[in-house]
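Asker: Please see the structure below; I have some questions.
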Amino acid sequence: MNRISKFLGSAGVFALSALAAQPALAAGTASGTTITNTVTVNYQVGGVAQTATSASNTVTVDRKISLTVAEVGTTTTQVSPGQTNAVTAFTVTNSSNATLDFALSAVQAGATAVHGNPDTFDATNVRVFVDTNSNGSFDSGTDQQVAYLDELAADQSRTVFVVSDIPLGQVTGDVAAVTLTATAREGGTAASQGAALTETNTGTTNEANPTFVDTVFADGAGASDAARDAAYSATDDYTVLAALLTILKSSKVVTDPFNGTTNPKAIPGATIEYCISIANAAGAATATAVSIVDPLPTNVSYDSGFGIFVNGTVTSGACNADGSAGGSYDSGTTTVSGTLSDIAAGQERTMRFRATVN
């Protein structure tokens, strides 16, 4: 204990008063701040007021290292197979009482369950960006890829984005969890990551050196780190929502040269109507830019008089005679092709055309 006293004269009536300490911030009084407390004693001798006397004590505030990392939002990040630059966001808050740098590391979370679902695959090309323009959204080409947060002041927060690519071939319900860890480091030099911190415990340093500042780790335990280790971690995840398409190609003979439309047979000269139906499963992601390419075999010839109809419907598993004219035929490759409108979950669309048996 740092104590400074002054001898008082004969015993008498006295009063004590103290000066108020400086107001505290949410993170606490700043490291290195000197707190001076002065006591004043008034007294009397023989009923006569004597000259007041006082004594002071000065304490230097030590450095408390504390931080948090938190997922932005409370739900998983929905992604598609093959998606690039899938973004999940975190906030890093410096709850220390000093300006610090914070090293950043994003790693796969392994089998850790997040949002109720276990991790089942690894994202690729995992990178960390800082929200350079502080708008809360990832802006490619604007937000800066970083390895650390530079000179984050006490009580300040920054948004950090973990940006990853999703492998092609993942299916609905696949989950990739990523953990972001921030580790406090020395601050004080802009544009340069500070040195690793060391906790100190020198005892009653204010007695020997009132200006000495101890460093105390006061952080809690995060998703993958321990308490009082100058680090904090949080986990978020990507959940795949894919389209699940079922494709069926059917045919029917609509006419032949001898039977006409009455019970026609697939003989030379007969006309066959082909229907390609594409259905998307319930609960799946919407399939977009659905393109159909159908090369015709050499023993049939495309019926240009009938044309191609796209975006038709299906009833009880059978293609309806509907849809709108569209698609194209390439005579050089004898290929019929067409593009369907987006197919939402639970929807089915068709493309129809006809050919003649050679």
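Asker: Just for the Cα atoms in segment 24-79, what are the lengths along the principal axes, largest first, rounded to whole Å?
Answerer: Ordered largest first, segment 24-79 gives principal extents of 87, 20, 9 Å.
Asker: What's log10 of I(q)/I(0) for segment 293-357 at q = 0.25 Å⁻¹, Debye sum over Cα points only, no solvent?
Answerer: Listed by q, the Debye log ratios stand at -1.09.
Asker: Moving on to the next point. Rounded to the nearest Å, what's the spacing between the alpha carbon centres of segment 297-358 and segment 20-91? Just the number, please.
Answerer: Cα centroid of segment 297-358 versus Cα centroid of segment 20-91: 72 Å apart.
Asker: Using a Förster radius of 30 Å, what is the FRET efficiency between Ser137 and Asp342 based on their Cβ-Cβ separation? Nearest 0.05, please.
Answerer: Computed FRET efficiency for Ser137 and Asp342 comes out at 0.75.
Asker: Using protein chains only and a probe of 1.4 angstrom, how many square angstrom of Ser331 are accessible, to the nearest 10?
Answerer: We get 90 Å² for Ser331.
Asker: Then there's this: Using the heavy atoms of the protein chains and a 1.4 angstrom probe, tell me the accessible area per residue for the chain in square angstrom.
Answerer: 51
Asker: 222 nm [θ] for the chain, helices only, -39500 (n - 2.57) per DSSP H run of 4+, per residue, to 500?
Answerer: Helix contribution divided over all residues of the chain: 0 deg cm²/dmol.
Asker: For a quick check of understanding: with a 1.4 angstrom probe and all protein chains in place, what accessible area in square angstrom does Ile272 have, to the nearest ten?
Answerer: 20
Asker: Restricting attention to the alpha-carbon atoms of segment 104-195, what are Rg (one decimal) and Dmax (integer), both in Å?
Answerer: Cα only, segment 104-195: 15.4, 47 Å (Rg, Dmax).
Asker: Same structure, new question: How large is the accessible surface of Lys252 in square angstrom, using a 1.4 angstrom probe and rounding to the nearest 10?
Answerer: Only protein atoms counted, so the area is about 110 Å².
Asker: With the crude spin-label approximation of a point 7 Å out along Cα→Cβ, what separation in nm comes out for Ala321 versus Thr34?
Answerer: Taking the two extended label points, one gets 9.9 nm.
Asker: Top to bottom by accessible area (1.4 Å), largest first, where do Tyr274, Tyr238 land?
Answerer: Most to least solvent-accessible, the answer reads Tyr274, Tyr238.
Asker: Please give the direction-averaged projected area of the C-alpha convex hull for the chain, in square nanometres with one decimal.
Answerer: 29.4
Asker: Taking a ≥ b ≥ c as the square roots of the eigenvalues of the Cα gyration tensor of segment 161-277, is the shape rounded (a/c under 1.5), prolate (a/b larger than b/c) or oblate?
Answerer: Prolate, because a/c is 1.5 or more and a/b exceeds b/c.
Asker: Continuing with this model, one more query. Over segment 109-258, with every protein chain in place, what whole percent of the accessible area is carbon and sulfur at 1.4 Å, could you tell me?
Answerer: Roughly 52 percent, rounded to a whole number.
Asker: Something else now. Just to verify a number: FRET efficiency for Ala282 and Phe306, C-beta to C-beta distance, R0 = 35 Å, to 0.05?
Answerer: Efficiency at R0 = 35 Å is approximately 0.60.
The values are calculated or read from the model by the stated rules, or taken from the named source; none is laboratory data. Keep in mind it's a predicted model, so treat the numbers as computed, not measured. Here Cβ is always computed from backbone atoms with ideal geometry, including for glycine, and neighbour counts include all displayed protein chains. Side chains are part of the model used for accessible areas, which takes the heavy atoms of the whole protein and leaves out ligands, DNA and RNA. Shrake-Rupley method; radii C 1.70, N 1.55, O 1.52, S 1.80 Å.
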